[in-house]
Amino acid sequence: MPMEPGTTRFTLVRHGQSQAGRPGERFPLVDGHGDPPLSDLGHQQASAVGERLRAEPFHALYASSLTRTQETAAPLARHLDLEVRVDRELREVFLGDWEGGLFREKLHEGTDPVIHEFRATGDWGAIPNGESNADLVARVGAAVRRLHDAHIDEHVALFVHGGVIAALLSEATGGPMHRLGGAENGSIHRLWVKGERWVMRSFNDSTHLAGVMTP
C-alpha cells in the first residue's frame, strides 16, 4: 500500500531488556515510574536495533523519559547523527502503588487477588492507583497525534514500552490491548497515521535479534 501524502510513518521500538530487580529493593523513580537501566542483554538488543534501522531515512527520533528507552535509542542516534528527543508522554503505563519493581514481584508470586483480577480483565487499572487502559490509550494517543502534526510526510522512530505499543496498536486496530501485548524486547512495529486514520503495518518484528544472546 503506497503511503498517502499527509501521512506520518512511525516506527515503534520496544526498549531492550532492563536490569532485573532484587526482592525488597525498589528501582529509582522518574516521573513516578520505576527507572531501571538496560541489562547487558538489553544493550546487545539496542545495538541490533541500531544496525537494523541505520539505513532507513528517519527525520526524528523520540524516546520516553525513562532510561531504558533512551539507552535503546542511543546506537541508532549515533549511526544517524540525530538527537534523541525526550517526550515524557510516551512513558510506560503507571503502575500506581506497585511501581519501582513491586509489580514484577507480585506477578511472579501470583497470589495477590489483584493479580488475578488483572489477568482476568487485562486492565492495568486493577492495580491500586494504577493507570487504566483507557487512560493510557488517551495519553499516548494524544502524544502520537501531536507528533503526527509536527512530522507530516516524515518518518519518525519512537522508542517506547510494551504497554505503550499495545495501546497505540489498539487505537489503530480497534482490538483489545491485552491481545496486542507481548512485544519482545528490541522488537519493531510499524504504524502509519494520517489524521484519524491509523494503520498498523507490522507487529513484533524481531528478525534482527536472531543473533543476539537470549535470556
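Just 110, 42, 96 to compare: in a GNM of the chain, with alpha carbon springs under 10 Å, which one fluctuates most?
Sorting by GNM fluctuation, first place goes to 110.
Could you check the simple spin-label distance between residue 116 and residue 129, using points 7 Å along Cα→Cβ, in nm with one decimal?
Result for the modelled spin labels: 2.5 nm.
Could you work out [θ]222 nm for the chain from helices alone, using -39500 (n - 2.57) per DSSP H run of at least four and dividing by all its residues? Round to the nearest 500 deg cm²/dmol. Walk me through the numbers on the way to the answer.
Values: 6 runs with 75 residues, N = 215.
Value at 222 nm, helices only: -11000 deg cm²/dmol.
Label points 7 Å out from Cα along the Cβ direction at residue 26 and residue 88: separation in nm?
1.9
Round to a whole angstrom and tell me the spacing of the C-alpha centers of the range 57-109 and the range 123-197.
About 13 Å separates the Cα centre of the range 57-109 from the one of the range 123-197.
Looking at the square roots a ≥ b ≥ c of the eigenvalues of the Cα gyration tensor of the chain, which shape do they give, rounded for a/c under 1.5, prolate if a/b is larger than b/c, or oblate? Don't skip to the answer; put the middle values down first.
Values: a/c = 1.82, a/b = 1.31, b/c = 1.39.
Cα axes put the chain in the oblate bin.
Taking a ≥ b ≥ c as the square roots of the Cα gyration tensor eigenvalues, with a/c under 1.5 meaning rounded and otherwise prolate when a/b beats b/c, else oblate, which class fits the range 111-204? Walk me through the numbers before you get to the answer.
Numbers: a/c = 2.38, a/b = 1.90, b/c = 1.25.
It comes out prolate by the Cα gyration axes.
So what's the angle, to the nearest 10 degrees on a 0 to 90 scale, between helix 162-173 and the longest Cα principal axis of the chain?
Computed tilt is about 60 degrees.
Pop the C-beta distance of residue 145 and residue 108 into the FRET formula with R0 = 45 Å and round what comes out to the nearest 0.05.
Working: r = 36 Å, r/R0 = 0.80.
FRET efficiency, residue 145 to residue 108: 0.80.
Starting from the Cα gyration tensor of the range 1-129, take the square roots of the eigenvalues, sort them a ≥ b ≥ c, and report rounded, prolate or oblate (rounded when a/c is under 1.5, otherwise prolate if a/b is larger than b/c, else oblate).
Prolate.
Between exposed GluC sites (Glu not before Pro) in the chain, where DSSP calls loop and at most 11 other Cβ atoms lie within 10 Å, what's the longest gap? Before the final figure, lay out each step's value.
On the way: sites that count: 25, 83, 196.
It runs 84-195.
Where a number appears in this text, it was derived from the coordinates with a stated rule and is not lab data. Computed from a prediction, not measured in an experiment: that's the story for all the values here. A quick note on method: Cβ atoms are made from the backbone with ideal geometry, for glycine too, and the neighbour counts reach across all protein chains shown.
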